[in-house]
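Below you'll find the structure, written out as structure tokens, and then a few comments.
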Amino acid sequence: MNLIRKLTIVTLFIFSASACALNQGSGYFEKALVTPEDIKEAIIYQQDADKNQDVAPKDGEAWFNVILGGAPIIISAPHATQPFREGKYRFSDGGGTAALAVLLGKLTDSTVIYTTKASPSDPNYYDDNAYKVRLAELINTQKPKLIIDIHGSHPFRPYDVDIGTMHGKSLLGNDELVTKLITSLRNEGITNYSNNYFAASKNGTITKFGTAYGVPTIQLEFSSIWLIPSDGNYAAHQFAQLLQGMVRYVNSVK
């Protein structure tokens, strides 16, 4: 009986020590940041952008929106609605990109720019449009340390996220920006990465634009399976994980 009692005490001690280590330990086991209310709000933004993805703006009506923040980060979602490229409208990346951008901005106090109606141009292909003019103004006034350009990728592609950095050039020597990103996302269960499949090095991308202004810029092509919070509980949970990973990332670099 004494032996059993001693073994029980030892077991309880080991369990308590392990629990204490977890509570006091590394950043791999932190208190959640994202709430159900955040996801409900994200769903509203997603559905609104999806509803207006092919709706052309009326005369004088804006086709993108800006939300100013105090942190030195700019978040862009230029394909939340259909862009106009080479004489025709193309598919949008989905309203989930707008939802992610807006909620990420809200939770990190970052500046956000995102499309709200079918675009008369393509901000990620051409430079001569109002979106790029406003982005240039934001760069000059907000003095960002980083620009994050959010896109959605076809669900048939094998990765969770493709990280486009113009093959490293858009980081401007700040390679740790990618390391921190992967760490933050991996801790939220996002594990499959692609390196510069969409490098953002051709045409008038946001990434090229930001880099030309001397700002490290990253293009993130998230699989669309992570960007549909309105599509049931599991999809909402995945979006919450992605949002939380991005919030932790931005907080680590701002």
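Values in this text are rule-based calculations from the coordinates and carry no lab data. The shown structure was predicted, so the numbers you read here are calculated from the model rather than taken from an experiment. Note that we place each Cβ from the backbone using ideal geometry, even for glycine, and neighbour counts take in every protein chain shown.
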message: Any residue at all in the range 186-201 that's buried (at least 21 other Cβ atoms within 10 Å of the Cβ) and polar (S, T, N, Q)?
response: no
statement: In the range 99-128, anything surrounded by fewer than 24 Cβ atoms within 10 Å (Cβ to Cβ) and assigned to a loop (DSSP other than H, G, I, E, B) is listed as ASP109, THR116, LYS117, ALA118, PRO120, SER121, ASP122, TYR125, TYR126, ASP127, ASP128
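Table: residues versus (1) assigned to a loop (DSSP other than H, G, I, E, B); (2) in contact with a Leu (Cβ under 8 Å, 6 or more places away or on another chain); (3) without any contact (Cβ under 8 Å) to a residue 24 or more places away in the chain.
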{"position": "ASP48", "(1), (2), (3)": "no, no, no"}
{"position": "LYS58", "(1), (2), (3)": "yes, no, yes"}
{"position": "GLY70", "(1), (2), (3)": "yes, no, no"}
{"position": "THR81", "(1), (2), (3)": "yes, no, no"}
{"position": "SER92", "(1), (2), (3)": "yes, no, no"}
{"position": "THR97", "(1), (2), (3)": "no, yes, no"}
Options HIS151, HIS167: the member that is over 15 Å from the mean Cα position of the chain (by Cα) and either on the phi > 0 side of the Ramachandran plot or not in a loop (DSSP other than H, G, I, E, B) (or both): HIS167
query: How many residues, within the range 196-241, are touching a Gly at 6+ places or on another chain (Cβ under 9 Å) and either closer than 17 Å to VAL102 by Cβ or among the hydroxyl-bearing types (Ser, Thr, Tyr) (or both)?
result: 15
query: Name the pairs: first residue in the range 115-132 and farther than 15 Å from VAL66 by Cβ, second residue surrounded by fewer than 19 Cβ atoms within 10 Å (Cβ to Cβ) and of a type in the set (Gly, Ala, Ser), Cβ to Cβ under 7 Å, at least 6 apart or on different chains?
result: ALA118/ALA56; TYR125/GLY204; TYR126/GLY204; ASP127/GLY204
message: Given (1) under 28 Å from ALA62 (Cβ atoms); (2) touching a residue at least 12 places away in the same chain (Cβ under 8 Å); (3) crowded, with 21+ Cβ neighbours inside 10 Å, identify the lone condition not met by ASP160.
response: (1)
- prompt: Does the range 187-197 contain at least one residue that is touching a residue at least 40 places away in the same chain (Cβ under 8 Å), at positive phi, in a loop (DSSP other than H, G, I, E, B) and of a type outside the set (A, V, I, L, M)?
  reply: yes
query: Exactly one of (1) farther than 30 Å from ALA32 by Cβ; (2) of a type in the set (Lys, Arg); (3) not in a loop (DSSP other than H, G, I, E, B) is unmet by LYS202. Its number?
result: (3)
- prompt: Hey, any hits in the range 209-229 for a residue that's touching a helix residue (DSSP H, G or I) at 6+ places or on another chain (Cβ under 6 Å) and free of Cβ contacts under 8 Å to residues at least 60 places away in the same chain?
  reply: yes
- prompt: Residue check, THR211 against (1) of a type in the set (Ser, Thr, Tyr); (2) more than 24 Å from ASP109 (Cα to Cα); (3) buried (at least 18 other Cβ atoms within 10 Å of the Cβ), all met but one. Which one?
  reply: (2)
